[in-house]
Amino acid sequence: MLKRPQEEESDNNGTKKLKARLTYPCILGKDKVTGKFIFPAITKDDVMNARLFLKNNDLKTFLEYFLPVEVNSIYIYFMIKLLGFDVKDKELFMALNSNITSNKERSTSIEVSAVQAKVEHEGELTDPLEKKHAVKLIKDLQKAINKVLSTRLRLPNFNTIDHFTATLRNAKKILVLTGAGVSTSLGIPDFRSSEGFYSKIRHLGLEDPQDVFNLDIFLQDPSVFYNIAHMVLPPENMYSPLHSFIKMLQDKGKLLRNYTQNIDNLESYAGIDPDKLVQCHGSFATASCVTCHWQIPGEKIFDNIRNLELPLCPYCYQKRKQYFPMSNANNTIQTNANFNSPILKSYGVLKPDMTFFGEALPSRFHKTIRKDILECDLLICIGTSLKVAPVSEIVNMVPSHVPQILINRDMVTHAEFDLNLLGFCDDVASLVAKKCHWDIPHKKWQDLKKIDYNCTEIDIGTYKIKKQPRKKQQ
Ligand code: OAD
């Protein structure tokens, strides 16, 4: 049976209504004066409805419902926009824009021309774009469709902080996914923010700053990593209120698992059980020789890292010396290697067991995630841009009925969370704990719990959370 796009979403539990504004098939009008196609404004609800319709029906039904019988490239672009995407190719974008006008300043003469366009439509509809552009657009539409089909949709009745706290109180198997943002309040930079680690190393002149964690590059030249490794060396024995918030969930028997992308191991200082923790990108806890795979405790190479030296494997050292005889101190970062040598500069070098780009994630990740996604009853993602796969795919692997919450300073636009709580994660955690009448086991809690927070709803299911300024004493 054909499932129509939602006209209105039910209003149970105070949930906001969704209203479809556009009617389909949407005939695009033409501006009388310029001859450009008039693009209707597409609202978030229009996008949501189109996505829902696509998910609930097959592709043929979807296209038949939304498109008129005769279409040209402009209609294909309209479908891409209606699904909430845009084209990235600059040339294509310019070609489209020279044929499209928005309907923001819709005039009566334009309304009339829309009717004329309908008449024209029944005749022959010409394509204003070149064939190469039309082909690109069809590929982009296919990508958009695939993305929608593989991305979850928001739950209709879950979009307020009260929904979250009510679920949190009853939840028994919470999956918490964390990233660098949970440690920034301790002075540890994240990766991709403007003040983040990748912007701090821009001066190195790497094509992509992520190359410092690229396995191929490490094998070719470990000095690329060891020149900056001291900057990511984890501090000891400190943890943020957010780490303690996760510990609190563990103490209440609610934590299924904390999947962390962080290599700083601060979760363990906060008291999170090793069994409850998956370090998706490994950690500095151990280091291994890239040649013979001999493994040692990570702290044994910390001095080398601080002194900008290459940590070398004692078992491979003699051979390395033969390969690099010109080096008077074989572990200085700038190895005097023979550049024509077929032997990689990383021969016999120890590497922390953190996951580099191009390297498989620890087997523990794959073992636990398969089971955990089927068991979890709530997913909370905290302090991550969700830019790195396969961890970023967790949000699309969790069954669609499980509520998903984002606690982050910035919005993550490529995922569909039921609730986005935007702000500093320590603040959001304090607000949530206070609402649940729970105590966070952190030394700062007595101060934190005195703070009041402003929660401003900026969109359905999206709140900005900020500390309320303290009232001045009279
Ligand atoms: P990113 O730097 O990509 O994202 C951190 C996110 O945290 C950003 O969206 C910030 O807005 C947010 N954030 C920063 N401080 C915050 C705070 N106090 N409260 C709330 N949010 C805050 O870091 P990750 O997503 O963790 O991989 O990066 C994933 C992976 O990319 C890392 O594990 C690392 C990196 O390349 C490896 O090292 C292999």
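Some points to look at:
- Being of a type outside the set (D, E, K, R), more than 22 Å from the chain's Cα centre (by Cα) and within 30 Å of D377 (Cα to Cα) is not true of H133.
- Remark: S185 matches the filter, which requires a residue to be near the ligand (Cβ under 7 Å from one of its atoms) and either within 21 Å of D427 (Cβ to Cβ) or loosely packed, with under 15 Cβ neighbours inside 10 Å (or both).
- Subset of segment 283-322 (residues that are surrounded by fewer than 16 Cβ atoms within 10 Å (Cβ to Cβ), at negative phi and assigned to a loop (DSSP other than H, G, I, E, B)): C292, W294, N307, P314, Y315
- In the set (1) at pLDDT below 90; (2) under 20 Å from the mean Cα position of the chain (by Cα); (3) more than 14 Å from the ligand (Cβ to nearest atom), D264 fails one condition alone, (3).
- Selection of segment 191-218 for residues being of a type in the set (D, E) and either within 17 Å of A180 (Cβ to Cβ) or within 12 Å of the ligand (Cβ to nearest atom) (or both) yields E195, D208, D211.
- Only a single criterion out of (1) within 16 Å of the ligand (Cβ to nearest atom); (2) of a type outside the set (V, I, T); (3) closer than 30 Å to N159 by Cβ; (4) at pLDDT 95 or above is not satisfied by E375, namely (1).
- Look at (1) crowded, with 22+ Cβ neighbours inside 10 Å; (2) within 8 Å of the ligand (Cβ to nearest atom) and you find that F424 fails only one, number (1).
- Among the candidates P311, P297, P241, the residue that is in contact with a strand residue (DSSP E or B) (Cβ under 8 Å, 6 or more places away or on another chain), farther than 23 Å from S392 by Cβ and in contact (Cβ under 8 Å) with a residue 24 or more places away in the chain is uniquely P311.
- Restricting A166, A229 to residues that are touching a residue at least 40 places away in the same chain (Cβ under 8 Å) and at negative phi narrows the list to A229.
- Any hit, segment 163-178, residues being within 11 Å of the ligand (Cβ to nearest atom) and surrounded by 20 or more Cβ atoms within 10 Å (Cβ to Cβ): yes
- Of all the residues in segment 55-65, those that are surrounded by 15 or more Cβ atoms within 10 Å (Cβ to Cβ), under 30 Å from the mean Cα position of the chain (by Cα) and part of a helix (DSSP H, G or I) number 4.
- Reported count of residues in segment 427-463, each being closer than 23 Å to S385 by Cα and surrounded by fewer than 14 Cβ atoms within 10 Å (Cβ to Cβ), is 4.
- Against the list (1) within 20 Å of N227 (Cα to Cα); (2) within 16 Å of the ligand (Cβ to nearest atom); (3) at pLDDT below 95, the condition H414 fails is (1).
- A residue that is buried (at least 22 other Cβ atoms within 10 Å of the Cβ), away from the ligand (no atom under 16 Å from the Cβ) and on the phi > 0 side of the Ramachandran plot occurs somewhere in segment 347-354.
The values are calculated or read from the model by the stated rules, or taken from the named source; none is laboratory data. These numbers come from a predicted model, not from an experiment. Please note: Cβ atoms are built from the backbone with ideal geometry, for glycine as well, and neighbour counts cover all protein chains shown.
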